[in-house]
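First up is the structure itself, then whatever we jot down about it.
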Amino acid sequence: MGDSQSWAAVPSAAERARSVLAASWSCAVTADGGREEFVGAHTVDADGRVILRVPEDSALLTAAICAPRGEPSAVLEFADVAPVPVRSRIRARLWLAGWFTPEDGHLAFHAARVVLKPATGAVVVALEEFAEAEPDPLATAEAQLLTHLADAHPDAVERLIRLVRRDSLHGAVRVQPLAVDRHGLTLRIERAGAHGDVRLPFHAPADDVAQLTERMHVLLTQAAEACPRALQRQRTDGDG
């Protein structure tokens, strides 16, 4: 599924988990045999603790009050969805297993287990590493950055394709920006019946949008100096 071109300098599992948590606007909570979806109802502390705002008559609040202390009784699920329309838009899922305690009119979630599942497979993240990690500095701006790149600068995406190895482009019908973090940009290469991802690393980490702009300019300069590689365009029924 994936293409192997340069995966150096990527966020750790703990950092990626914290980035998913920081950027997610909604979460699903499974507790006491039921499942509820909450949109715009949670915040995240500096150590990754989730604070959930629920109505006073919520069954989840009642379950939290009655649940035994310190025993995992709930699972929070967050989806990392690519902001640009691509195949298989869910880039990763994050699960936190633990328990709630009422706190200042809200519910504070205490995680006992953290599992991140990107396309490469599930990874258990150590609680200490999760608490100490910081979200990627571009995590909350990523959606706007990628949609702007795809919608307003498709020519730039075409130029960046020059940095992709020719064998990774074999049979490609479309290339879209899939993800960006402080270490690099990831492109999704779609083929008639499959897809793969290629990472273009930055020459140095980008800690804010201004630095990201400079890093992208460097990539585009490198692309301009590379030999042009035309993207094979094939008509595929149902390809979107």
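The values are calculated or read from the model by the stated rules, or taken from the named source; none is laboratory data. All of these numbers come straight from a predicted model, not from anything done at the bench. Heads up, the Cβs are rebuilt from the backbone with ideal geometry, glycines too, and the neighbour counts pull from every protein chain shown. Remember, those area values only see protein heavy atoms, side chains included, never the ligands or the DNA or RNA. Shrake-Rupley method; radii C 1.70, N 1.55, O 1.52, S 1.80 Å.
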| task | Kindly indicate whether A133 is farther than 14 Å from T186 by Cβ, out of contact with any Cys (no Cβ under 7 Å at 6 or more places or on another chain) and modelled with pLDDT of 95 or more. | result | yes
| request: Answer yes or no: is there a residue in segment 1-9 that is in contact with a Phe, Trp or Tyr (Cβ under 9 Å, 6 or more places away or on another chain) and under 30 Å from A172 (Cβ atoms). | output: yes
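Condition check ((1) among the basic types (K, R); (2) in contact (Cβ under 8 Å) with a residue 24 or more places away in the chain; (3) touching a helix residue (DSSP H, G or I) at 6+ places or on another chain (Cβ under 6 Å)) across all residues:
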residue	(1), (2), (3)
A111	no, yes, no
V125	no, yes, yes
E128	no, no, no
A133	no, yes, yes
| message | For segment 178-200, check the following and say yes or no: at least one residue is touching a Lys or Arg at 6+ places or on another chain (Cβ under 7 Å), open to solvent by 50 Å² or more (accessible area, probe 1.4 Å) and modelled with pLDDT of 95 or more. | response | no
| message | Here is a check on your reading of the model: is P85 touching a Gly at 6+ places or on another chain (Cβ under 8 Å) and in a loop (DSSP other than H, G, I, E, B)? | response | yes
| remark: Going through segment 210-235 in order, the residues found to be open to solvent by less than 80 Å² (accessible area, probe 1.4 Å), modelled with pLDDT under 85 and either among the charged types (D, E, K, R) or over 18 Å from A150 (Cα atoms) (or both) are R229
| message | Exactly one condition in (1) among the hydroxyl-bearing types (S, T, Y); (2) open to solvent by 40 Å² or more (accessible area, probe 1.4 Å); (3) at pLDDT below 95 is false for S168; which is it? | response | (2)
| said: I'm trying to understand the selection: among the residues of segment 215-225, which are out of contact with any Phe, Trp or Tyr (no Cβ under 9 Å at 6 or more places or on another chain) and not small (G, A, S)? | reply: H217, L220, T221, Q222, E225
